[in-house]
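*Asks:* Provided herewith is a single structure, encoded as structure tokens, for subsequent inquiry.
The values are calculated or read from the model by the stated rules, or taken from the named source; none is laboratory data. What you see is a predicted model; the values in this text were computed from it and never measured. Quick reminder, even Gly has a Cβ in these numbers, built from the backbone with ideal geometry, and neighbours come from all protein chains shown. The area values use the complete protein model at the heavy-atom level, side chains included, leaving out ligands, DNA and RNA. Shrake-Rupley method; radii C 1.70, N 1.55, O 1.52, S 1.80 Å.
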Amino acid sequence: MSSGTSLVVAKKKSTLPVSSAIDSNNESLPPLDYSYLKITNLTDIYDETPRPAVLQKKAIVPVREDGKSGSRCLRLNNNALVDIKLLSEICTNLFDNPSVLGWLDLSFNELVGIDQIVCEFEGLEILYLHGNQINNIGEVEKLQSLKNLRKLTLHGNPVENVKGYRHHILALMPWLQNFDFSAVTKADRRTAENWEKMNKTPKKKKKEM
């Protein structure tokens, strides 16, 4: 080998596990999509066929022969739902493994509150609730048990008019990475922390007997 020749050592491929984080743009299986079907009650889903997803110029309906989907995404947006009390039952019938549901889109419905049933899906990473009729910011407190949640939307609800709306939500769930389609910055977190300290209700002193 000539003295002018240099050796190039091939780098080993990284053995770090690939993130399994779910996203509307990179989910391996298309969402189970029941959007834009004028559904008023969740049981109406049984009479509907999920909308096909177009992947590689082929229309694919993500349902297997056993009638269940292996997807982690459920789209129920742009319907007329007023409650989702049967969500757990519906997901058990629709999904192969409903416990791993990672993305739930309930945007543009007629929901006036956040049903506690949402919190049964502890693996939720993305929850869209924008464009509903939620007017009590206290409803959002129910979501505090969803520690895996990284994206949440609530804009387009009356609740967004509450003073300190964004700070309040980020104070409740400081682990969020994206809120109302806007990345949560370090400055956002600092402001939320300060807002919480300033608005924390002091405990009432017990009256002396």
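*Asks:* Enter the accessible area per residue of region 43-167 (Å², integer; probe 1.4 Å; all protein chains in place).
*Replies:* Working: 6040 Å² over 125 residues.
Solvent-accessible surface per residue comes out at 48 Å².
*Asks:* Something else: Explain nothing, just compute: Karplus ³J(HN,Hα) = 6.51 cos²θ - 1.76 cosθ + 1.60, θ = phi - 60°, for every residue of region 138-148 in order, whole Hz, x for Gly and Pro.
*Replies:* Whole-Hz 3J(HN,Hα) from phi for region 138-148: x, 4, 5, 4, 4, 7, 5, 7, 8, 6, 8.
*Asks:* For region 62-209, I need the span (max minus min coordinate) of the C-alpha atoms along each principal axis, in Å, sorted largest to smallest.
*Replies:* Reported extents, whole Å, longest axis first: 67, 42, 26.
*Asks:* Which order do Val162, Val112 take by accessible area at a 1.4 Å probe, largest first? Could the numbers behind the result be given before it?
*Replies:* Values: Val162 55, Val112 95 Å².
Descending order: Val112, Val162.
*Asks:* Give, rounded to the nearest 20 debye, the magnitude of the charge dipole that region 126-204 has about its Cα centre when Lys and Arg contribute +1 at Cβ and Asp and Glu contribute -1 at Cβ.
*Replies:* I would put it at about 380 debye.
*Asks:* Hey, with R₀ at 41 Å, roughly what FRET efficiency would Arg190 and Lys38 work out to, going by the Cβ-Cβ distance, to 0.05?
*Replies:* It comes out at approximately 0.40.
*Asks:* Say R0 is 30 Å: what FRET efficiency, to the nearest 0.05, do Lys200 and Glu120 get from their beta-carbon distance?
*Replies:* Computed FRET efficiency for Lys200 and Glu120 comes out at 0.55.
*Asks:* Let me ask something additional. I'd like the antiparallel share, as a percent to the nearest 5, of DSSP beta bridges with both residues in region 42-199.
*Replies:* Of those bridges, close to 30 percent are antiparallel.
*Asks:* Also, quick follow-up: Ranked highest first by average number of other Cβ atoms within 10 Å, how do 37-47, 88-98 line up?
*Replies:* 88-98, 37-47
*Asks:* Further question: Using θ = phi - 60° and the Karplus curve 6.51 cos²θ - 1.76 cosθ + 1.60, what whole-Hz ³J(HN,Hα) does each residue of region 190-200 get, with Gly and Pro shown as x?
*Replies:* Result, ordered by residue: 5, 5, 5, 5, 5, 4, 5, 5, 6, 10, 5 Hz.
*Asks:* Can you give me the % of accessible surface on region 83-209 that is carbon or sulfur? Probe 1.4 Å, all protein chains present, nothing else counted.
*Replies:* 51 percent
*Asks:* What length, rounded to one decimal in nm, is gained on full extension from Lys163 through to Asn135, with 0.36 nm per residue of separation minus their alpha-carbon distance?
*Replies:* Working: separation 28, 0.36 × 28 = 10.08 nm, distance 1.24 nm.
Taking Lys163 through Asn135 to full extension adds about 8.8 nm, to one decimal.
*Asks:* Next question. Around Lys147, what is the net charge, scoring Lys/Arg as +1 and Asp/Glu as -1 over all other residues with Cβ under 15 Å from its Cβ?
*Replies:* Neighbour charge sum, excluding Lys147 itself: -1.
*Asks:* Please find the FRET efficiency linking Ser88 to Val54, where r is the Cβ-Cβ separation and R0 is fixed at 30 Å, and quote it to the nearest 0.05.
*Replies:* Working: r = 30 Å, r/R0 = 1.00.
Using R0 = 30 Å, I get an efficiency of 0.50.
*Asks:* Which of Lys163/Lys197; Lys68/Lys142; Lys68/Lys151; Lys85/Lys200; Lys38/Lys147 have a Cα-Cα distance over 22 Å?
*Replies:* Listed pairs above 22 Å: Lys68/Lys142; Lys68/Lys151; Lys85/Lys200; Lys38/Lys147.
*Asks:* Check Asn157: other-chain or 5+ apart residues with amide H under 5 Å from its amide H, H built from backbone geometry?
*Replies:* Placed amide hydrogens put Gly131, Asn132 under 5 Å from Asn157.
*Asks:* As an exercise, identify the trypsin sites (Lys or Arg not before Pro) in region 154-202 lying in DSSP coil whose Cβ has no more than 11 other Cβ atoms within 10 Å.
*Replies:* The qualifying sites are Lys163, Lys200.
*Asks:* Which of the GluC sites (Glu not before Pro) found in region 121-158 are in a DSSP loop and have at most 14 neighbouring Cβ atoms, other than their own, within 10 Å? Don't jump to the answer; show the numbers that get you there.
*Replies:* Numbers: sites: Glu122, Glu125, Glu139, Glu141; in loops: Glu122, Glu125.
For GluC sites (Glu not before Pro) across region 121-158 that sit outside H, G, I, E and B with at most 14 neighbouring Cβ atoms in 10 Å, the list reads Glu122.
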